[in-house]
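Before any comments, here is the structure.
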Amino acid sequence: MLTDWVLIARLAQELRDRFGGARVDDAGILPDGRIGLMLRQRGARDLLVFDLYASPPLVTVEAGELGISVEPGFVRALARSLQGMLLDDAVARRYDRLVRMSFVARSRFGVGERLELYIELVPRFGNAVLVKDERVITALKEFAPADNPRRSIQAGKPYQLPPLPASVRTLSEYPSESVLETFARLRSQQVLRAGNERVAARRHNLLKRLAARERKLRDEVAALSEKRETAAGRDALRMEGDEIFANLHDLTPAEREAAKERAAQIFARYKKLGKSLPHIEARERELLASGEAIDTLRWETERAADDDLDAVEEAARAVLGVGEIGRAHV
């Protein structure tokens, strides 16, 4: 979905109409990394969520609670600054995808405080900046002039608005539903797509691990085949040893002792090869069974429903091991 300044202006209007006068209970970060403001109004609590790194950046109203984990610096400062304040206004900047949310607090002595939360909803450059008296208190992304020659965002420095685009793009069609509803639907689509992509990645990585294990099995089968051929030719060793003993009478005493030692080594090799055959056969049967299991797992991995992939991964543990399955998750 594309956004333009007119759509963002409608968003600001909706925020102003729906949450004007709402009190900030808290600010925090959701498990997926999005930033949320808990707003209370007429006994009801709504979570206003900013997904500034989505494409496009989104503002949604959701049910739920904020996390209780330690918050990063920006969110912690946001909560400390805005708690108890009222949302006084929300306006969009003309020709720009930027919303300024104004929060006010008044003491019983009539002394007021005003903070501005600038929500920059530009794709790939989303940001949130908290400002007091036109100076930055904190920002989600801070950067110095060396990082961005067009503007800088630094705590304690004056807040610089983003430069207006050289050309203004206006969409020819706008959703008939509210912008918040449109963004909520878009968010649901993104979550579904991300879930499908994660499942596809898990499926791909599991197939990759199965293929790697199959290559290892093939290599071991080839090595066992060579050992089997060597063991099958052990009769030549027995014949060589027998021949040595048959010709001992033609040798000198010194040569005879060396020949006996040589024959003993040959017969030892002959016996060792004979004993290895049952082990080779047993291992070949194990490898054959593992290969069949991998074929079955590959078939199941390719065809299993998304909800059944956990069961396939669990079944694969017997073949791939815990470590291999762990790497298959994304």
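Key figures
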read-out: Magnitude of the charge dipole, the chain, Cβ model with Lys/Arg +1 and Asp/Glu -1, debye to 20; value: 1180 debye
read-out: C-alpha center-to-center spacing [region 19-91, region 230-264] in angstrom; value: 89 Å
read-out: Around residue 161: net Lys/Arg minus Asp/Glu count, Cβ-Cβ under 14 Å; value: +4
read-out: 5 angstrom amide H check on residue 67, placed H, neighbours 5+ away; value: 29
read-out: Cα centre as origin, Lys/Arg/Asp/Glu Cβ charges: region 120-230 dipole, Debye; value: 480 debye
read-out: Share of carbon and sulfur in the accessible heavy-atom surface of the chain [1.4 Å probe, %]; value: 52 percent
read-out: Alpha carbon convex hull of region 18-74, volume per residue in cubic angstrom; value: 94 Å³
read-out: Whichever aspartates and glutamates have a C-alpha closer than 17 Å to that of residue 260, once near sequence neighbours (fewer than 8 apart) are set aside; value: 240, 242, 243, 250
read-out: HN-Hα J in Hz across region 42-49 - Karplus 6.51, -1.76, 1.60, θ = phi - 60°, x for Gly and Pro; value: 6, x, 9, 10, 10, 9, 8, 10
read-out: Values of log10 I(q)/I(0), in the order q = 0.10, 0.11, 0.20 Å⁻¹, for region 149-283 under a Debye, Cα-only, solvent-free model; value: -0.72, -0.79, -1.14
read-out: Solvent-accessible surface (1.4 angstrom probe) belonging to residue 180, in square angstrom, nearest 10; value: 10 Å²
read-out: Per-q log10 I(q)/I(0), the chain, q = 0.06, 0.09, 0.12 Å⁻¹ (Debye; single scatterer per alpha-carbon; no solvent); value: -0.46, -0.68, -0.94
read-out: Convex hull of Cα atoms in region 233-309, direction-averaged projection (nm²); value: 7.1 nm²
read-out: Estimated dipole of region 173-330 in Debye, rounded to 20 [Cβ of Lys and Arg +1, of Asp and Glu -1, Cα centre]; value: 400 debye
read-out: Where 152, 167 fall by accessible area, highest first, once all protein chains stay in place (1.4 Å); value: 167, 152
read-out: As computed over region 1-150, the Cα convex hull volume per residue (Å³); value: 130 Å³
read-out: Set 227/275; 216/275; 216/272 screened for pairs whose C-alpha atoms are more than 23 Å apart; value: 216/275; 216/272
read-out: Binned Cα-Cα distances of region 151-230, short to long, each 10 Å bin given as a whole percent; value: 13, 14, 17, 19, 13, 10, 8, 6, 0
read-out: Total formal charge among the other residues, if their Cβ is under 10 angstrom from that of residue 118, Lys/Arg +1 and Asp/Glu -1; value: 0
read-out: Net charge of Cβ neighbours under 12 Å - reference residue 192; Lys, Arg +1; Asp, Glu -1; value: +2
read-out: Solvent exposure of the chain as accessible area per residue, Å², 1.4 Å probe; value: 58 Å²
read-out: Lysines whose Cα lies under 23 Å from that of residue 157, excluding same-chain neighbours fewer than 8 positions away; value: 132, 141
read-out: Positive-end extreme of charge dipole, the chain - chosen from 145, 61, 247 (charges on Cβ); value: 145
read-out: Unit charges at the beta carbon, dipole of the chain: most positive-side option, 318, 188, 85; value: 85
read-out: Kirkwood estimate for region 93-155, i.e. one over the average of 1/r between Cα atoms, Å; value: 13.0 Å
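The values are calculated or read from the model by the stated rules, or taken from the named source; none is laboratory data. Since we're looking at a predicted model, the values are computed, not measured. Every residue, glycine as well, gets a Cβ built from its backbone with ideal geometry; the counts of neighbours run over all protein chains shown. For the accessible areas, the whole protein counts, side chains as well, though only heavy atoms, and no ligand, DNA or RNA atoms are used. Shrake-Rupley method; radii C 1.70, N 1.55, O 1.52, S 1.80 Å.
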